[in-house]
1. Could you pull the Cα extents of segment 94-146 along its three principal axes, largest to smallest, in whole Å?
2. Measure off 7 Å from each Cα along the Cα-to-Cβ vector at R62 and A38, then give the distance between these two points in nanometres to one decimal.
3. Calculate one ³J(HN,Hα) per residue across segment 82-96 by plugging θ = phi - 60° into the Karplus curve 6.51 cos²θ - 1.76 cosθ + 1.60, and present them in order as whole Hz with x for glycine and proline.
4. Using Cβ counts within 10 Å as a stand-in for footprinting exposure, how do L34, L197 rank, fewest first?
Amino acid sequence: MNAWHNPAAAPALCVATAVMNGEPCLDAASLAALLGCAPHHVQHQLAKRLDFPRPLIDVSCRVRYWRAVDVLRWLYQPGTTRAMGLADLAAPRLDAAGLADLLGCTRQHAADHIATRADFPPPCINVSRRMRFWLYRDVLQWLTQSGSNVRSGAHAAELLSTADVAQLLDCTCEQMGKRLARHARFPAPAVQLSRRLRYWHAADVRAWLQSQQRSQKGGAV
C-alpha cells in the first residue's frame, strides 16, 4: 500500500507558527512532507528557484521557515491545479502510485489515462511529474460521480473493485466474469471506467451474497 493511499503511512506535516506575527509557517521537513520529496531537495533545489517564495525566517540553511500562504500561492496554477487552503495542508493526498492502488490499475495507466481525463479532478500539487498529488477526497468524489447509476449520497469508500468482488466470491478476477454471467440479478457496476476498471457498491454486493445464501439454505431444506 502506497503511503499516499494510506493516510496513516504518509509523512507527518507540522505547521509551525511564527512568534513574531502569528503566521502559519512550514520548515524544510514540512515542505518535503507536503511535496513528497527529501528535505535536502527543498534546501538545495526548490529554495534556489527564482519563482519559489522567499523564507519568512532565514537564520541558516537548516533554520528556515516559509509562510504557508506563500507556498500555497506558489503551488496554485490557475487551470492546471486546484486551489488549497491552510486546512488542506494536512489532508490525505494521492500520488500516481496511490491512485493506481486505489483504482486497481498500473501506475502508468493512472498517470497517462485516468489523470488526463477531462472529468478527472486537477492535482493539488503539480511541481513535476514526480511531485504531483491529488486530494484524496477529490478522487473519491470523482469516483462516486463517474457512474451513471451511482446513488445520491453514496460514499466511494463503500465501492468494491473487481479484485474485491472476486475475493468475496472466492474466485479469481478471470473466473468472476464467467461466474457472474450465470447470475442475471447480480448488481450492475456503480462505476465503469473500462472493462477492467469496474466498481460495485459494497452494500449491493453483500445484499446479493446474502440472498444467494438464503436461496441455498432454502433449497437444502
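Please treat every number below as a calculation from the coordinates, not as lab data. Quantities reported herein were computed from a predicted structural model and do not represent experimental measurements. Counting neighbours? That spans all protein chains shown, and the Cβs are built from the backbone with ideal geometry, glycine included.
1. Rounded to whole Å, the extents work out to 28, 21, 18 Å.
2. 1.7 nm
3. So the J values, rounded to whole Hz, are 8, 6, 10, x, 4, 5, 7, 4, 9, 6, x, 10, 10, 9, 4.
4. Listed from fewest to most nearby Cβ atoms, that is L197, L34.
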